[in-house]
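Here the structure comes first, spelled out in structure tokens, and everything after it is commentary.
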Amino acid sequence: MKRGAQPWMRYLHGRWWQLPLAALLLAAAVLMPPIEFKRPVFRYVITFDITQSMDVEDVTLGGKPVSRIDFAKAAISDALQHLPCGSEIGWSVFTNQRSLLLVAPVELCSNYDALLSSLDQIGGNMRWINSSVIAQGGIYSAIRAATELGHNTDVVFITDGQEAPPVAPNETTVRDIPQGLVHGWLIGVGGDQPAPIPKTNADGVRTGYWQADDVRQVRPEPGAPAVAESHEELSQLRETYLEAVAGHLGFGYRRLVAPTSLRAPLTDPRYAHPIPVATDIRWVPALLALILLVWRFLPARRNVRADKPVSARSIPARAY
């Protein structure tokens with residue numbers, strides 16, 4: 001570079017290496033394959049109780065009363081947004097004595113829209129019978145299905161705890177399921193005050209409410225102490241019962257009180273499984289290339305003192 005060259009030319013000449021380096025970084029951004037990192041992910045089969053008591057509208061969403069099943073689906077939809085990519089989610093529904101697998105666990109991010117669409121279709125219209133046996137039927141079936149799906153499949157079972165026909169309050173064991181065989185959460189949903197249970201026909205159309213004479217009530221066994229009058233035609237969250245069932249299983253228990261209630265349980269580190277996940281990091285070399293190009297073409301800062309013309313007045317007089 002000539003001695004009399006402009007400052008901006010000297011500036012660019014001193015940074016000649018930035019253009020080829022930026023070109024290399026851009027090539028890496030285009031050609032770099034995904035890199036595998038160990039990442040904690042989750043694998044759940046989420047089972048929804050779809051019996052008629054889940055149609056009771058004693059919870060609120062957005063300030064409006066909604067059914068327990070719709071409230072549960074809103075909470076799951078919210079939780080999906082907070083699970084990391086690589087997690088796998090499946091759907092299951094429960095009625096009678098069986099949990100029926102609808103969707104085997106699939107990767108969350110690549111199937112997000114499909115999962116939300118299928119979640120929206122879950123409801124009482126899938127019900128094949130009106131009875132509800134939770135501890136000895138639904139949870140047992142859900143856990144067995146999880147074991148068949150393979151290692152690290154955990155269970156999330158959402159219910160109000162209402163059983164029909166009713167069971168004895170101390171009947172909380174789950175047959176043939178050793179504690180710790182499968183991990184998971186038992187999620188309770190519903191209000192604390194007994195509410196009428198809507199009655200629906202085979203087409204899902206409401207035809208009224210269940211009455212006391214329509215359902216089996218709790219009858220004391222011979223010789224047992226008298227109990228308060230039974231009202232199985234009404235429904236409320238059977239929280240004490242569900243907590244006891246969860247304790248027998250070694251499950252965690254949470255009550256669904258808000259649409260955000262499932263974020264923490266479903267992302268609990270105790271249920272995470274570290275697996276290699278392909279991660280796209282091409283944005284890193286692309287960002288570095290952009291920084292280099294911006295730096296390369298920044299305008300030079302002129303040396304004001306060097307370029308300022310010298311006036312005759314600024315020359316000191318020579319002493320003689």
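Computed values, structure above
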{"item": "Pairs, first more than 15 Å from THR153 (Cβ to Cβ) in the range 87-103, second among the basic types (Lys, Arg), C-beta under 6 Å, six or more apart", "result": "THR95/ARG127"}
{"item": "Of the criteria (1) at pLDDT below 95; (2) hydrophobic (A, V, I, L, M, F, W, C); (3) under 15 Å from the mean Cα position of the chain (by Cα), which one LEU100 fails", "result": "(3)"}
{"item": "Positions within the range 272-300 being surrounded by fewer than 13 Cβ atoms within 10 Å (Cβ to Cβ), over 18 Å from PRO33 (Cα atoms) and in contact with a strand residue (DSSP E or B) (Cβ under 9 Å, 6 or more places away or on another chain), in sequence order", "result": "PRO274"}
{"item": "Restricting the range 120-154 to residues that are within 27 Å of LEU83 (Cβ to Cβ), outside any helix (DSSP H, G or I) and among the polar types (S, T, N, Q), the residue that is modelled with the highest pLDDT", "result": "THR153"}
{"item": "Residue match in the range 121-133 (condition: closer than 19 Å to SER53 by Cα, free of Cβ contacts under 8 Å to residues at least 24 places away in the same chain, in the same structural domain as LEU186 (by TED's automatic domain parsing) and not basic (Lys, Arg))", "result": "yes"}
{"item": "Sole residue being under 25 Å from TYR271 (Cβ atoms), surrounded by fewer than 16 Cβ atoms within 10 Å (Cβ to Cβ) and of a type in the set (D, E, K, R), chosen from LYS64, LYS73, LYS38", "result": "LYS38"}
{"item": "Single residue of VAL182, VAL189 found to be in the same structural domain as PHE71 (by TED's automatic domain parsing), more than 22 Å from ILE69 (Cβ to Cβ), crowded, with 19+ Cβ neighbours inside 10 Å and β-branched (Val, Ile, Thr)", "result": "VAL182"}
{"item": "GLY150 vs. criteria buried (at least 18 other Cβ atoms within 10 Å of the Cβ) and either touching a strand residue (DSSP E or B) at 6+ places or on another chain (Cβ under 6 Å) or more than 30 Å from VAL215 (Cβ to Cβ) (or both)", "result": "no"}
{"item": "Number of positions in the range 244-269 that are of a type in the set (Val, Ile, Thr), surrounded by fewer than 17 Cβ atoms within 10 Å (Cβ to Cβ) and under 15 Å from ASP160 (Cα atoms)", "result": "1"}
{"item": "Tabulated pairs, the range 243-256, first on the phi > 0 side of the Ramachandran plot, second surrounded by fewer than 23 Cβ atoms within 10 Å (Cβ to Cβ), C-beta under 6 angstrom, 6+ apart or interchain", "result": "GLY250/GLN179; GLY250/GLY180"}
{"item": "Segments classed as strands (runs of 3 or more DSSP E), wholly inside the range 27-119, with at least 2 members that are of a type outside the set (A, V, I, L, M, F, W, C)", "result": "35-41, 43-49, 64-66, 88-95, 98-107"}
{"item": "Residue in the range 117-132 that is hydrophobic (A, V, I, L, M, F, W, C), out of contact with any strand residue (DSSP E or B) (no Cβ under 7 Å at 6 or more places or on another chain) and either surrounded by fewer than 18 Cβ atoms within 10 Å (Cβ to Cβ) or under 29 Å from GLU232 (Cα atoms) (or both) present", "result": "no"}
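Residue by residue, here is whether (1) hydroxyl-bearing (Ser, Thr, Tyr); (2) under 30 Å from SER118 (Cα atoms) holds:
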residue: ALA23; (1), (2): no, no
residue: ARG43; (1), (2): no, yes
residue: SER67; (1), (2): yes, yes
residue: LEU100; (1), (2): no, yes
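The values are calculated or read from the model by the stated rules, or taken from the named source; none is laboratory data. Please read all numbers here as calculations on a predicted model, not as lab measurements. Here the Cβ is made from the backbone with ideal geometry for all residues, glycine too, and neighbour counts use every protein chain on show.
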